[in-house]
Amino acid sequence: MWPLGYAYAALGWPTFHLWGLMHGTFVAAWPALSILAFLALGYLPLFRSIDDAALLMAGLVWGLLLATAFNIRHALGFEIAYGLFSATAVIVAALCTFAKHRLRLALLVISPLVFLNLDLLLAPPTLEQTIFDLKALLPPLAFSLAGYVLGSLARVVIKRPPRTA
């Protein structure tokens with residue numbers, strides 16, 4: 001995880017910098033980077049390639065950036081946070097247009113955000129806290145699924161055979 005920490009520290013971004021990784025955000029970074037490494041290994045001859053690996057990797061990288069913005073959404077302002085969610089919908093739509101497994105891609109994009117929101121290191125949350133955490137995940141999920149729908153519609157339009165007279 002140190003390359004991610006150094007990159008975030010060099011760019012001055014919050015959440016996944018070295019200090020943040022040492023103090024809990026590795027809970028979100030570790031699974032995302034593991035999935036990213038698994039997908040990247042598919043390009044080596046010794047390992048089996050996964051369909052849509054490049055698209056899934058691009059979506060997962062955007063998910064790490066989105067998790068940072070989601071983590072500091074109160075500092076950024078909700079206008080910027082919802083602008084990033086809108087960008088997520090556009091990115092997911094563009095990736096889903098070309099992906100074979102579109103729903104998998106749409107859910108993978110928000111997976112770092114879900115992992116960041118789980119708080120696995122803390123004491124088991126109360127029911128109210130769990131409901132609050134799940135409600136906080138609804139906007140990114142909605143925007144990601146909207147991108148999935150738009151990408152699926154774009155795929156249908158692109159694959160439509162030309163009309164003949």
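The values are calculated or read from the model by the stated rules, or taken from the named source; none is laboratory data. Please read all numbers here as calculations on a predicted model, not as lab measurements. Cβ: placed from backbone, ideal geometry, glycine included. Neighbour counts: every protein chain shown. Quick note on the areas: whole protein, heavy atoms, side chains included, nothing else; ligands and nucleic acids left out. Shrake-Rupley method; radii C 1.70, N 1.55, O 1.52, S 1.80 Å.
As a summary of the residue check, GLY63 satisfies the conditions (1) open to solvent by 30 Å² or more (accessible area, probe 1.4 Å); (2) within 13 Å of the chain's Cα centre (by Cα); (3) of a type in the set (Gly, Ala, Ser) except for the one numbered (1).
Quick one: which residue in LEU65, LEU60, LEU55 is under 25 Å from LEU138 (Cβ atoms) and either in contact with a Pro (Cβ under 8 Å, 6 or more places away or on another chain) or of a type in the set (Asp, Glu) (or both)?
Values: LEU65 fails: either in contact with a Pro (Cβ under 8 Å, 6 or more places away or on another chain) or of a type in the set (Asp, Glu) (or both); LEU55 fails: either in contact with a Pro (Cβ under 8 Å, 6 or more places away or on another chain) or of a type in the set (Asp, Glu) (or both).
Matching residue, one of LEU65, LEU60, LEU55: LEU60.
Every residue in segment 1-56 that is among the hydroxyl-bearing types (Ser, Thr, Tyr) and not in a helix (DSSP H, G or I), please.
Quick first cut of segment 1-56, residues among the hydroxyl-bearing types (Ser, Thr, Tyr) only: 6, 8, 15, 25, 34, 43, 49.
The answer is THR15, TYR43, SER49.
In summary, LEU4 fulfils each of the numbered conditions (1) touching a residue at least 40 places away in the same chain (Cβ under 8 Å); (2) touching a Pro at 6+ places or on another chain (Cβ under 8 Å) with the single exception of condition (2).
Of the residues making up segment 1-51, those that are over 16 Å from THR68 (Cβ atoms) and touching a Gly at 6+ places or on another chain (Cβ under 7 Å) are ARG48, SER49, ILE50. Considering segment 66-139, the qualifying helices (runs of 4 or more DSSP H), each wholly inside and each with 3 or more residues that are open to solvent by less than 80 Å² (accessible area, probe 1.4 Å), run over 78-98, 102-109, 111-118. Restricted to segment 17-52, and to residues there that are touching a residue at least 12 places away in the same chain (Cβ under 8 Å) and within 14 Å of the chain's Cα centre (by Cα), the residue that is farthest from ALA94 (Cα to Cα) is TRP30.
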